[in-house]
1. K460 to E290: extension gain in nm, 0.36 nm per residue of separation minus the Cα-Cα distance?
2. Tally Lys and Arg at +1 and Asp and Glu at -1 over the other residues with C-beta under 12 Å from the C-beta of Q109: what net charge comes out?
3. Any idea what angle helix 371-383 forms with the longest principal axis of the chain, computed on alpha-carbon atoms, 0 to 90 degrees, nearest 10?
4. Based on the mean of other beta carbon atoms within 10 Å per residue, what is the order of 240-253, 134-147, most packed first?
5. So how far apart, in nm, are the two label points at S58 and K260 if each is 7 Å from Cα heading toward Cβ?
6. Any idea how far the Cα center of region 235-289 sits from the one of region 421-463, in Å?
7. What is the Cα coordinate range of region 142-283 on the first, second and third principal axes, sorted by size from largest, in whole angstrom?
8. Beyond 20 Å, what percent of the Cα pairs of region 66-144 remain?
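The values are calculated or read from the model by the stated rules, or taken from the named source; none is laboratory data. From a predicted model like this one, the values you see are computed outputs, not experimental measurements. When we count neighbours, we look across all protein chains shown, and the Cβ atoms used for this are built from the backbone with ideal geometry, even at glycine. Heavy atoms of the whole protein, side chains included, go into the accessibility calculation; ligands, DNA and RNA do not. Shrake-Rupley method; radii C 1.70, N 1.55, O 1.52, S 1.80 Å.
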Amino acid sequence: MRRFVIGSARNLIESSRQKYQFERSILSSPYRFLSSSPAADSPSSSSSSSSTMAHPVSLNTINPKVIECEYAVRGEIVTLAQKLQEEIQTKPDAHPFEEILYCNIGNPQSLGQQPITFFREVLALCDHPAILDKSETQGLFSADSIERAWQILDQIPGRATGAYSHSQGIKGLRDTIAAGIEARDGFPADPNDIFLTDGASPAVHMMMQLLIRSEKDGILCPIPQYPLYSASIALHGGTLVPYYLDEATGWGLEVSELKKQLETSRSKGITVRALVVINPGNPTGQVLAEENQKAIVEFCKQEGLVLLADEVYQENVYVPEKKFHSFKKVSRSMGYGEKDIALVSFQSVSKGYYGECGKRGGYMEVTGFGADVREQIYKVASVNLCSNISGQILASLVMSPPKVGDESYESYSAERDGILSSLARRAKTLEDAFSKLEGVTCNKAEGAMYLFPRIDLPEKAIKAAEAAKKAPDAYYCQRLLAATGIVFVPGSGFGQVPGTWHFRCTILPQEEKIPAIVTRLTDFHKSFMDEFRG
């Protein structure tokens with residue numbers, strides 16, 4: 001027994017000695033573990049290395065795709081406008097205007113548009129369900145908003161709007177949206193095809209992530225286009241394949257132009273994966289005719305392209321001779337089903353007559369994809385867990401508003417119609433004002449929330465812009481801002497036919513402010529043209 005204990009002790013001592021020698025050899029070695037202890041590095045060597053080491057993050061070391069992407073509607077002009085606004089707040093007479101008039105982005109409620117009462121009542125009740133059982137609630141909220149809130153809460157696990165949901169969105173809300181799509185189009189819609197997202201933008205990014213494998217993959221995009229698309233394509237490493245809308249025909253979309261750009265890209269080794277169509281148009285405001293849409297559907301089917309239909313302005317149509325038709329409805333009316341065409345339709349609560357931009361609600365309806373690909377889309381959606389619940393609820397309300405006979409129907413209809421008719425009047429007033437300016441032509445605003453006038457600038461103004469290292473339309477917009485406080489976005493941020501110049505103006509400032517915008521713009525434009533004339 002004693003011999004065994006002595007032997008064990010010797011083995012333990014020898015093992016400890018070998019471990020000590022191994023650790024000493026490691027510490028004295030020129031090599032180090034990545035997580036070396038503080039004692040291993042002397043203070044002098046640490047301070048010496050930190051003083052010479054380059055910063056770990058610089059423009060040279062970040063993802064070059066981030067540098068490549070641009071988003072004009074919140075670009076340099078807007079940054080300058082925000083700086084001027086701060087100066088006005090601290091020194092009200094610092095500039096020849098009292099306020100900044102933001103005409104740069106489709107953000108209705110920031111410019112005074114009121115939310116739809118029924119939508120907000122339902123949201124409030126869902127977020128604070130404890131008040132549903134209080135007697136005072138009956139007098140403060142409409143009966144149908146209370147009933148709708150109960151319906152929605154019963155669809156949410158735990159009746160908790162602060163909890164995660166299914167990654168595609170709450171099933172009952174998707175059922176409601178599918179029923180709304182079916183009522184709109186007259187063709188069946190499957191709730192399993194719907195992915196609820198934080199506005200339409202994440203859905204666009206998701207599809208770009210799915211479709212773009214390398215810079216050899218291209219996406220056909222309209223020019224002018226909403227900068228979300230160019231930015232998303234750049235971020236995901238693809239190639240934007242431009243097709244030009246025809247300004248002379250009211251920003252028409254010609255299939256011959258699509259074919260031309262497709263063939264040119266394929267000759268350069270680009271695999272075109274999808275076609276983006278924005279209807280009604282942003283920034284151009286046109287509404288596509290149904291026959292034109294049929295030709296586009298046929299083109300995508302023949303060429304094997306995914307049709308990405310941006311339909312977020314479907315409620316914003318201002319001319320009686322035009323009507324919104326979804327690409328889903330058009331394709332189904334042509335007899336094309338799931339196996340014939342891959343179609344993704346985008347909708348958002350940020351636009352229309354609701355303008356709930358900050359609530360970040362929207363969805364995409366994905367049709368014509370195989371079950372295996374659908375699983376991959378779901379996987380990407382699940383990485384973000386789910387979209388926010390308030391946005392999901394709003395998306396369901398937008399697609400299923402009060403109906404005839406509901407207590408809220410009359411007030412809801414009055415609010416909706418009042419907003420849309422006011423937008424139509426504002427569009428017409430601004431369109432007329434632009435058309436009266438020297439060297440400016442402006443197509444009719446048939447829909448959406450924008451006008452995109454063309455401006456022919458004097459040669460001297462173009463040279464002044466070059467000297468200032470600005471695009472000519474950006475130079476004009478910057479001078480306009482400095483003189484009037486009006487914020488337009490230069491057309492160069494959306495793309496345009498080379499050699500032409502434009503700017504985008506929203507129709508969203510409140511109606512009583514439109515005359516002041518017109519007066520300021522008219523006076524500035526005359527002064528600008530006189531300065532650079534001849």
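1. Values: separation 170, 0.36 × 170 = 61.20 nm, distance 4.40 nm.
Full extension from K460 to E290 adds 56.8 nm.
2. Working: positive: R120, K351, K359; negative: E356.
Local net charge: +2.
3. For 371-383 against the chain, the angle is about 80 degrees.
4. 240-253, 134-147
5. 4.5 nm
6. If you average the Cα positions of each part, the centres end up 23 Å apart.
7. 58, 35, 26
8. Here the long-distance tail beyond 20 Å is 60 percent of all Cα pairs in region 66-144.
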